[in-house]
1. With respect to the numbered conditions (1) facing chain B (nearest Cβ under 10 Å); (2) surrounded by fewer than 16 Cβ atoms within 10 Å (Cβ to Cβ), which one is the sole condition not fulfilled by D:GLU253?
2. As an exercise: evaluate A:GLU218 against (1) in contact (Cβ under 8 Å) with a residue 12 or more places away in the chain; (2) of a type in the set (Asp, Glu); (3) surrounded by fewer than 24 Cβ atoms within 10 Å (Cβ to Cβ) and give the number of the one condition it does not meet.
3. Residue by residue through the range A:238-252, note down the ones that are part of a helix (DSSP H, G or I) and within 18 Å of the chain's Cα centre (by Cα).
4. Taking B:LEU91 as the residue in question, decide whether it is modelled with pLDDT of 95 or more and within 14 Å of chain D (Cβ to nearest Cβ).
5. Condition (residue is surrounded by fewer than 24 Cβ atoms within 10 Å (Cβ to Cβ), over 19 Å from D:PRO223 (Cα atoms) and under 26 Å from the mean Cα position of the chain (by Cα)) applied to the range D:36-53: is it met by at least one residue?
6. Considering only the range A:107-119, I want to know if a residue exists there that is over 25 Å from the mean Cα position of the chain (by Cα), in a helix (DSSP H, G or I) and away from every other protein chain (no Cβ under 11 Å).
7. May I ask you to list the residues in the range C:55-76 that are more than 30 Å from D:GLY291 (Cα to Cα), in contact (Cβ under 8 Å) with a residue 12 or more places away in the chain, touching a Ser or Thr at 6+ places or on another chain (Cβ under 8 Å) and aliphatic (A, V, I, L, M)?
8. I'd like to know if the range A:277-292 contains one or more residues that are over 26 Å from B:ASP41 (Cβ atoms), out of contact with any His (no Cβ under 8 Å at 6 or more places or on another chain) and surrounded by fewer than 16 Cβ atoms within 10 Å (Cβ to Cβ).
Amino acid sequence: MSSASIEKGIRMIREQIDAPIASFFSSCVHCGMCADACHFYVQTGDPRYTPINKVEPMRRIWEQEYTLWGRIKATLGLSRKVNAQDFEAWEELVYDGCSLCGRCSLVCPVGNDISDMIRKIREGFAVAGHAPEGLVGATRRAVEIGSPMGVRLSALEAQIRHLKHDTGLDAPLDQAGADYLVLLSSMEIMNFPEYLEAIARIMQQAGKTWTISSRAFEATNSGVQIGVSDIAAELVQRVVDAAEELGVKTVISPECGHAYTAIRFEGPNLIGRPYNFRVQHILEVLEEFRQQGLLKTKGKETDRMTFHDPCQLVRKGGVIEAPRNLLGMVTDSFVEMRDHAEMNWCCGGGGGVSANERADELKSKAFNQKKSQLDELGVDTLVTACANCRITLEEGLERNDMDIPVIGLTEMLADHLVEEPGKGGET
Amino acid sequence: MTADAFLSFARGTGFDWALTIFVFGMLLRLFEVLSLGRKPDLSEGRGSGVQGGLKTIVTRTLPRAAVFAREPVRIINGYVFHIGFLAVLFLYEPHIELFDAKMGLSWPGLPTGIINALGVLTIFSLLLALALRLTSPVLKFLSTGSDYLAWLVTLLPVLTGYLAYNHMLLPYTAMLAVHILSVELLMVVAPFTKLTHMFSFMLARWYQGYRAGHRGVES
Amino acid sequence: MSRLQDIPIQVLDGQGGQSETGNVAPVLHEIRHALARLASTGESTSIDLSAIPFAPGDEAALFGLLGQGEVSAVVNALGETRIEETTYPGVWLVTHRSPQETVLSTQIEITRTPSLLSTPAEDLSDALDALDHYLSSPTAQESA
Amino acid sequence: MKDDQTLGERLRESGISRRGFLKFCATTASMMALPPSMVPAIAAALETARRPSVIWLSFQECTGCTESLTRSHAPTVEGLIFDHISLDYHHTLQAASGEAAEEARRIAMEENHGNYLLIVDGSIPQKDGGVYSTIAGITNLAMLEEVAEGAAAIVAIGTCAAYGGLPHANPNPTGAASVSDIISGKPILNVSGCPPIPTVITGVLAHYLTFGTLPELDHLGRPKAFFGNSIHDRCYRRPFYERGQFAETFDDEGARKGWCLFKLGCKGPTTYNACATEKWNQHTSFPIQAGHGCIGCSEPDFWDRGGFYDALSVPTDDAGNILLGAAVAGAAAGAAVGLMNRKKQNTDTRAHEKVTVDDLNGD
């Protein structure tokens, strides 16, 4: 790596440091509690994965650049500048060894938002050329093709045709004035088309109009995952432009964790202005329908099941009650995992880890945390609300020869919808 | 230098210097942090950031059950030396007299016997904290010289206070001087080590709590 | 000039036999141990009360607790010395006074007989001499 | 008076019975703060003790020490002792004056060279050749050096002689010094206090008379028998300290109930003296018993150890200005660093070029 790019990385990290970050570094007492909250540490036993250690280069930059004492120490040669070797050594910790799940932030006794610090240190690593190849590729595809998995509009259109053929329901493209603009993640288009059908059926029952933008159907924001705000802003801008052009009231983020926080909370800050539309996670929309009596179901699942909380929803998005209320409509045999809701353990594939092929081994180790939670419960079915979690979970379960089907909550609800005569379906 | 002169130094010039460095250093650190600023959050809030911030400052004092189950000894020990240290500092009558004389604030104290017992407890708790730091792979890995220095300057006031009160090691006057000096050492070292957390923890909790409150997230 | 009773101070009653400071109990324990020693080995002990930190009233409280026993004696030498056995036999209160009657020292002796009571050996020969002298004198022979 | 008699002989000659001698020994032991078990040893020592010559020099002082001594409560016992020393020079007490007095001193020094006991009260001014205090035209400094030369031992009575005392207090205009600051090579015993407890003065003299040696001393040259414990440790109010019961003002309920005076500035914890047990005025009382905290008068430089009414745990200087100054300086320095940081960030922001995917491969 050239020293110029390292210089760029350091400058970028410097740009990221604000009062909260400085207060976090001022407060850390090296108590090590964050390690106990981290599945990467707990499953590997390697202290390098202690969350606060993952931002050590950022701490040094903060101390040396922004504190008088640190400047004196640096001048006296008592502290070493961050160099290329540091970037080399920390790259794996910053990307492969963190799924930005935010569990460490929640247990830190002094209140350090470590997860946010890692999100920010990635900005520096990315511009310094120290982002993993897999993530760089995904980001390039997101920018150039419009989807990190390289899914093009034609693929979506094909799925819409399937939907029409199978159910007679339509997924209207670019329909101005619709109530909802629905975003999808590439995985839902490629792996879980059931989601699209579920949306169509639920919207029909609720009597709401909705649309998909042909220009911005992708919800995933690779810019946030790799840690490049400029790119993240560009990706958010695409959705904002589409939503404003179509004049929708609400944008629905799909069953995906980081896509939701990216568009819902990071988005306005990335593009530098508030939206003139609402952003809701699909579960929030469904919960609203439930409360308004727009969601009618019949029958209950008989399988013993549990719910995997996507980290971004519970720890960074605040969607905790909705899935439980919705599950209550369709099952009586729901059990909670030992650590659930805001304390749930990550599947291991969030924060860009699943897009980073070289992290596969580490990711599967981290999955053991989830495995032990599931082993304890002995459930028949696992429900979740994030396509990325779903894929990671399916892979992990398969690798461990565990025969537990993973279902998206929206689909499960759609399966129990009361089909009202005269309203859609196969008329 | 006689013990009396030593004590006079500790109570006079020594304290002046220590207080100067402590106040200067802590305010410096505080301003350094705050002056970095924070961009306003433009996203639509689901809850109140202010409420979340205030709430987290308080609630983060208690551990999450899930983590407590993994590290009960370390967490309980953390409480013991924090509470012990603060009780000895703020509830021992001669200490209260200091705050009363210098700040005009006073409150009821605890009987000396209880303070003495708390002092012993705190000393053992700090020793255990060091043992844990030296044996736990994570703590050992994270710890720097500064961490051990912070530990030492925290232990010394409690230890020397105990020795002075119980007439151990040195004659009382000399030990009292050593005790006051050890507190001054703590005051001098605090702004330049992790001991800044004594104030900054509130800022850190506030910032995380604010963000969580804004997003309507538990914190 | 105000009189003593005009000064707004409260004089604590020292005769109550109650000690707020709790300084009396340790002395009683010391006496008890000395008494046990005396009973088992015959060793005497003397406790100098001027070395004990007493509050006003403590000393009176201690004396009240010890009480007065069967024996009380006065030795007239270099001022008056009162020797009194307390209600606990073997525990004696010895008060040395100067000719001006100020208290020089107060001691509690734990012994069978306080040493000041028994006659010094040298005095015996002096007494013998004195008595012999008298018996050999004309007055004595006359009265015989 | 025959000078070759022992003290024992002398006492019996003055008509004291054997029981009286025993009583004398018992009260002397009590006075010397020796355990009653030492009485036989005292009796034996008195039988052989000789009558020493004593020269008492009063320098820069207030005569409080002599006042204290002459008001000692047991004239019989101390009287007996003083009857049996030869106090050859004490310019406050002696009848002779002027040249006669100085002559008496010279004679005593010559006759008892190497054997007399020198007692000093008051500090010795050293500045400007010691001109600030003279006796018969001789500076205290010169007189001390002259008399000390032939002394067997020196007893410094009072805090002035022992440690400089009040004259030595900041700014010490006369350059006052203690005996031990000036004299070396002689056994020096300090009986500190302002003034010292009379029984302690006589107790120390009794010890010297009886045993012919100085008692065991602490690190400040004071007899351990009297100065071995702090006032606080032997104070009858100590239990209140332990219970956390303090008088907050001189007329509150705590003060009336006789609670601990620590908060009212009592220096008992760092003061070593026998006041709490020996007490004053015939074992009647001592300052703390009278409701006033100890001011620490038996410790070096007690005048310069902070306010008498400031608790020991309270720093001696007024912290207000320091606090304000440090706070302002800290805030200013913080703000300055903050400005520099802001500048750096602005520069960084200006230098920020929009990151594109092509920047991510790092080359």
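1. So D:GLU253 meets the others, but not (1).
2. Unmet for A:GLU218, out of (1) in contact (Cβ under 8 Å) with a residue 12 or more places away in the chain; (2) of a type in the set (Asp, Glu); (3) surrounded by fewer than 24 Cβ atoms within 10 Å (Cβ to Cβ): (3).
3. Of everything in the range A:238-252, just one residue is part of a helix (DSSP H, G or I) and within 18 Å of the chain's Cα centre (by Cα), namely A:VAL239.
4. Yes.
5. yes
6. no
7. Residue satisfying the conditions is C:VAL75 alone.
8. Yes, that holds for at least one residue.
The values are calculated or read from the model by the stated rules, or taken from the named source; none is laboratory data. Values in this document were obtained by computation on a predicted structure and should not be read as measured data. Glycine gets a Cβ as well: all are built from the backbone with ideal geometry, and neighbour counts include every protein chain shown.
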